[in-house]
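Inspection log for the structure reproduced underneath, given as structure tokens.
The values are calculated or read from the model by the stated rules, or taken from the named source; none is laboratory data. What you see is a predicted model; the values in this text were computed from it and never measured. In this analysis, Cβ positions are derived from the backbone assuming ideal geometry, glycine residues included, and neighbour counts consider all displayed protein chains. Just the protein is used for accessible areas: all its heavy atoms, side chains included, with ligands, DNA and RNA removed. Shrake-Rupley method; radii C 1.70, N 1.55, O 1.52, S 1.80 Å.
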Amino acid sequence: MTAIEIRPATPADAETIAALHVACWAETYTPLAPAEILAEYTRETRLAQWRETLAGGGPQQPPPSVFLALRDGVALGFSASGAQQSAILGERGYAGEFQAIYLLKEAQRHGAGRSLMRVMAQALRERGIEWGSLWVLRHNFTARKFYEKLGGRKIGVEGAWRGVPEVAYGWRDLGLLIDPPPAKPW
């Protein structure tokens, strides 16, 4: 199997990221969120979002760092990290946020997710940020297990995305994502 390549996204990648975003949401969130909410997030709405984000014109300044995961030139996933957007997590010292990480199911469990988390942690550190967090749907047990395996700890803060329960995970040492300790034997 060919290695996964991770590279920074550019404005020219907006269409690719929008298509991935919609496809990953359909694969992951269909059993976890109401259909009427998911139907609002079309390729067109995502394209507008990613064009603005990648052009640096969005509301978040500085804009997030966005990365693409590819195999043989084919995009399999993407991620974004930047300044904390949640007041409650910011108050707890988490200045950075892993804002998005999405991989097609076919690309999961091959190291791409770990690689995306690593480059996002590096990008946060380059901004002088040492603590990072994220929100995940409470019933997305696959993602929660992945974050826990990478050293993420449940922060003890719960929220809701459009009425769907979420939990927060955090890392107080981004170095654990950048240079993780060796895996423990079973």
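Taking the Cα centre of region 52-137 as reference, the dipole from Cβ charges on Lys and Arg (+1) and Asp and Glu (-1) amounts to some 280 debye. In this simple spin-label model, placing a label point 7 Å from the Cα along the Cα-to-Cβ direction at both ALA35 and GLU91 gives a separation of 3.9 nm. Think of a 1.4 Å ball rolled over the protein heavy atoms: the chain then has 53 Å² of accessible area per residue. Give the cross-link partners of LYS149 among the aspartates and glutamates, using a straight C-alpha distance below 16 Å as the criterion and excluding same-chain residues fewer than 8 apart. Once the sequence-local aspartates and glutamates are set aside, what remains near LYS149 is ASP173, ASP179. Classify the chain as rounded, prolate or oblate, taking a ≥ b ≥ c as the square roots of the eigenvalues of its Cα gyration tensor: rounded when a/c is under 1.5, otherwise prolate if a/b is larger than b/c and oblate if not. It is rounded, given that a/c, with a ≥ b ≥ c, falls under 1.5.
The residue among PHE98, ILE17, TRP131 whose Cα reaches farthest toward the positive pole of the charge dipole of the chain, with charges on the beta-carbon of Lys, Arg, Asp and Glu, is TRP131.
With a/c under 1.5 counting as rounded, go ahead and sort region 9-96 into rounded, prolate or oblate using the C-alpha gyration tensor (a ≥ b ≥ c being the square roots of the eigenvalues; past the cut-off, prolate if a/b is larger than b/c, else oblate). Here region 9-96 falls in the oblate category.
For the residues TRP135, TRP161, TRP50, a GNM of the chain with alpha-carbon springs under 10 Å puts the largest fluctuation on TRP161. For region 109-186, the fraction of 1.4 Å probe accessible surface lying on carbon and sulfur atoms is 52 percent. Taking each residue as 0.36 nm, the span from LYS145 to GLU44 lengthens on full extension beyond its C-alpha to C-alpha distance by 33.2 nm.
Near VAL157, the amide H atoms lying under 5 Å from its own belong to ALA168; only residues 5 or more places off or on other chains count, and H is placed 1.01 Å from N. Kindly work out what percent of the DSSP beta bridges joining two residues of the chain are antiparallel, to the nearest 5. Restricted to the chain, the bridges split so that about 95 percent are antiparallel. A simple spin-label model places the labels of ARG109 and ARG51 3.8 nm from each other, with each point 7 Å out along Cα-to-Cβ. Within the listed set ALA39, ALA48, ALA80, the residue fluctuating most in the Gaussian network model of the chain (springs between alpha-carbon atoms under 10 angstrom) is ALA39.
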